[in-house]
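The values are calculated or read from the model by the stated rules, or taken from the named source; none is laboratory data. Note that this is a predicted model, so its numbers are computed, not measured. Heads up, the Cβs are rebuilt from the backbone with ideal geometry, glycines too, and the neighbour counts pull from every protein chain shown. Note: areas computed on protein heavy atoms with side chains; ligands, DNA, RNA excluded. Shrake-Rupley method; radii C 1.70, N 1.55, O 1.52, S 1.80 Å.
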Amino acid sequence: MKPRSLLLALTLALLSLACGAPGGGRRFATLSEHAPRAREFDVLAYRIELELLPETRSIQACCRVRLRALEQALDTVRLDLVGLEVQDARDERGRVLSFTRSAGELTLELAAPLAAQAETELAIRYGGRPERGLWFAGQRADGSGPTLVFSHGQTQGSRGWFPCFDEPDERATAELTLTMPAAWSSVAPGERSDVVEQNGRRTETWRCDFPHPSYLTSLVAGEFTRAEARAGEVPLLFLAEPRFADWIAPTFAESADILDFLAEYSGVAYPYPKYSQAAVDNFPWGGMENLSATTLTPLLLGDVELRRDQAPFYLLAHEAAHQWFGDFLTCADWSHLWLNEGFATYCTLLYLEHSRGVDDFRAEVRETQEAYLNQDVGGARRPTVWSRWKEPDDVFDTRAYQGAAARLHLLRFVLGDEGFQAGVRLYVSENRGRGVVTADLQRAFERATSRDLVLFFEQWLARPGFPEFALDWNWDADARAVELNVEQVQEPEDGTPAVFALPVEIELGTRAGSRFVRVELDERRERFEFPCAEEPRFVRFDAHGWIPKRVDEDKPLEEWLAIAEACEDVNARRESALVLGRAASGARADDPERERLRAALVARLEQDDSAWVRADAAAALGLARGDEARAALERAALEDGEARVRSAALYALRAFGPDERLALVAEEAFGAGFSYQTMAAAAALLCCAAPARGFDFVRAGLELDSPHDVLAGRLLRHLAELSDARVPAELRRWAADPALAPTARAVAVECLGGLNRERPATGRFLVPFLDEESFHLRLATVKALANFGDEGARRALAAYYPRTRTAAERRVIEELLERSAR
């Protein structure tokens, strides 16, 4: 057998093992079209009695499901339940019911047919160690544990800890009676109605009378520090592990303001009896908007240095927005996920605009648009409303979050602020407690504004892609007018509209000030003429960045200099800084134009009110170089009031090469400890300024404490960039260190996966990490081994596939094994 044939046979054998051929494990899911699941009954209520057994990481439970038959009589009831052992099932008269299990489904044979529209209640007793949806975590200082448990239902996790009809359009009330160790406390949707302590155990009952999908039913329990506050009449509850107690108050300080803003903007007061936010160990995502009971990663808890790098309100506002957009009303099926995630993402931006001002808002909108534009290309391009997936989790991507938020932002421009908010309010008020689809949103906006939005929703939600523009303009001195040529150049072969019909705002910037003109685009190629008394210093298309787009235009440097100096739009000044930096980099050293460009950039770095502009000006000065640029960067690195700017300046200073004076600046910035991001940037600068000292400097920094070892995580990335022969061993040491936070260890694993040195030894070293408890560490290991892609990595990942916990892990492994089999 030829070597290539031998490799192919090996890969096929691994695929057979992973995909569930005889003697193998689970099969790969198939990418397919998904329609909403048919229902034969309506679940009215779940009553769950659940005992937590942390010593065995298991549960014992009884779930009572009250349901009503729909149009036809029922002989059987099919519920979703994965992994746990069913011990007994009975109807409301106590009759024992026979049942079968198959492919994650529990089928109950009713003792007698249930007539159409009739109700019954079924009691299912079950137990075991959950393999999905409910996780034990946490560790005490002495290494004992677990110290807490949390659930995560989205998208199909609730079936891992209670039998349910696990679809987003099935809404029911829920009551959870939770028995746990006496030292534990809990939180769940709704309000706590009872607490009993007996025989060394604590039992709490939580009742939620607002019907909601099963994936929003949740629990968090453990050894927590609890703090309380209020948002008007709404009780606020904050939970975190005791070691984080000092950080609870500053982290959650904006919670009341966020809820107040969302209530005012949506026109609906916060609709539940309390709002809790619980930060739990080993939570694999940022947050989860369980109804009235958000679960969060503990990574947002930290000291002032961490908060300078990452303001916690972004995550808090996103999850709070879901209490309306996702909980109060919910996407009817996962193809309309954008109605949940797009609104939560855009509401976060709206709160940013409300609380921080228009510059920060516009800058973050641009970041949101760019995240979407960078991903929605090539074979990854798809419409916002999308019903093809292997697992529903697969649609939780930039199209559902940033891309959807970008479309809502554009719709706000189309309708105006008042029309947009009126549409939002009508949408929320009309759909209380309902599953919604995109047509419901369109209907609400049309009714609120008396506008026909069929074309907007068809082009921007039902079809893929975004517009790409080629632009040029000129000044007609005789006609005293600006001529603007606009061409849409996007390729329509993949379903992207050949012409996006939409309004656009044009800015004519003159010495007398700016004038804004709104025009309508509806052709592939168009020419516009605008009266203008004097030649503009600049002309800008989509002046305030409402449209997610790509633009190709060739502006002269004079125009960019004028934008940098006089344009009020923050993103225009940011873009001009980067263009001027590239131009200065390409200019000859003796070209006087280079000095003029540097001076303009220094002015932006030292005078601009926006930290976003100052940071981009700093990056541009790293390209421009020169003594004036260096001096300005050194001042910014040590004196600017924003971590974003200090970090950008420190990274930019690396362009000035090895230099002992720069090493002193790096050491001063590192010692100042302004933020962990700036400390990492200072370490990166030192590695460039004094290469011989870089490895030892970073290694010493790795010993310093920081919340969740975030500094160590940042430093490990810079360590991996060094050419020092000791790097692989050092990364392995930190990856294996149980005293290091799992998220920082995951960074070390990720960096090992990117090294080309010592791969065989590193691959063998990484395989045991697939058995770690940390979600972050396991996923990093999967990605690192997949990046290696050798025979040993393929074997390890094929064997691990049946034990994967997340869709993200499965997609990585599937791609590797399927690619290897081609």
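Quick notes
- Diffusion of region 232-383 by Stokes-Einstein, at 37 °C in a medium of 0.692 mPa s and with Rh set to the Kirkwood radius over alpha-carbon pairs, works out to 200 µm²/s.
- Rounded to the nearest angstrom and listed largest first, the equivalent-ellipsoid semi-axes of region 31-165 from its Cα gyration tensor are 31, 18, 12.
- Over all directions, the projected convex hull of the C-alpha atoms in region 456-502 averages 3.8 nm² in area.
- As a ratio to 2.2 N^0.38 Å, the alpha-carbon radius of gyration for region 506-626 is 1.13.
- Taking Cα atoms only, the orientation of helix 338-356 departs from the longest principal axis of the chain by about 50 degrees.
- In order along region 66-78, the Karplus-derived 3J(HN,Hα) couplings, from 6.51 cos²θ - 1.76 cosθ + 1.60 at θ = phi - 60°, round to 9, 9, 10, 5, 8, 7, 10, 5, 10, 9, 9, 10, 10 Hz, and Gly and Pro are given as x.
- Normalised by residue number, the volume inside the convex hull of the Cα atoms of region 700-741 is 60 Å³ per residue.
- Carbon plus sulfur fraction of accessible area for region 555-633, probe 1.4 Å, in percent: 48 percent
- Ordering P738, V749, F788 by Cα displacement along the dipole of region 720-813 toward the positive end leaves F788 in first place; charges were set at the Cβ atoms of Lys, Arg (+1) and Asp, Glu (-1).
- In sequence order, calculated HN-Hα J values of region 534-544 (Karplus, 6.51, -1.76, 1.60; Hz; x Gly/Pro): 9, 5, x, 6, 7, 10, 10, 9, 6, 4, 10
- Over region 633-783, the reciprocal of the mean inverse Cα-Cα separation, the Kirkwood hydrodynamic radius, stands at 15.7 Å.
- Under the combined filter of DSSP loop state and at most 15 neighbouring Cβ atoms within 10 Å, region 518-618 retains these GluC sites (Glu not before Pro): E523, E534, E568.
- Where both bridge residues fall in the chain, DSSP classifies roughly 85% of the beta bridges as antiparallel.
- Three-way shape call for region 197-238 based on the alpha-carbon gyration tensor, with the a/c threshold at 1.5: oblate
- Accessible-area composition of region 263-411, carbon plus sulfur, in percent [1.4 Å probe]: 50 percent
- Dividing the Cα radius of gyration of region 348-502 by 2.2 N^0.38 Å, with N the residue count, gives 1.19.
- Taking the centroid of alpha carbons for each part, region 435-491 and region 504-528 are 14 Å apart.
- Farthest towards the positive end of the charge dipole of the chain, among the residues L502, T294, L70, is the Cα of L70, using unit charges on the Cβ of Lys, Arg, Asp and Glu.
- Trypsin sites (Lys or Arg not before Pro) within region 486-562, DSSP loop, no more than 16 other Cβ atoms inside 10 Å: R511, R524
- Distant alpha-carbon pairs in region 737-794 (separation over 13 angstrom), percent: 53 percent
- Within region 220-361, DSSP assigns beta bridges of which about 50% are antiparallel (rounded to the nearest 5).
- For region 295-440, the calculated P(r) over all alpha carbon pairs, in 5 Å bins from 0 to the bin holding the longest distance, is 2, 9, 16, 22, 21, 15, 10, 4, 1, 0 percent.
- Projecting the Cα atoms of F445, A245, L114 onto the charge dipole of the chain, computed from C-beta unit charges around the Cα centre, puts L114 farthest toward the positive end.
- Principal axis extents of the Cα atoms in the chain, from largest to smallest and rounded to whole angstrom, are 92, 68, 67.
- Excluding ligands, DNA and RNA, the accessible surface per residue across the chain is 40 Å² with a 1.4 Å probe.
- Counting only Cβ charges, +1 for Lys and Arg and -1 for Asp and Glu, the dipole size of region 119-225 around its Cα centre is about 420 debye.
- Short-range pairs are left out: with C-alpha atoms under 8 Å and at least six residues apart, the relative contact order of region 48-191 is 30 percent.
- About the centre of its Cα atoms, region 613-740 shows a dipole size close to 300 debye [charges on the beta carbon of Lys, Arg (+1) and Asp, Glu (-1) only; nearest 20 debye].
- Values of log10 I(q)/I(0) for region 433-544 across q = 0.17, 0.22, 0.23 Å⁻¹ run -0.89, -1.15, -1.21, by the Debye formula with one identical scatterer at each alpha carbon and no solvent.
- Assigned charges on the beta-carbon of Lys, Arg, Asp, Glu; the chain dipole about Cα centre (debye): 2680 debye
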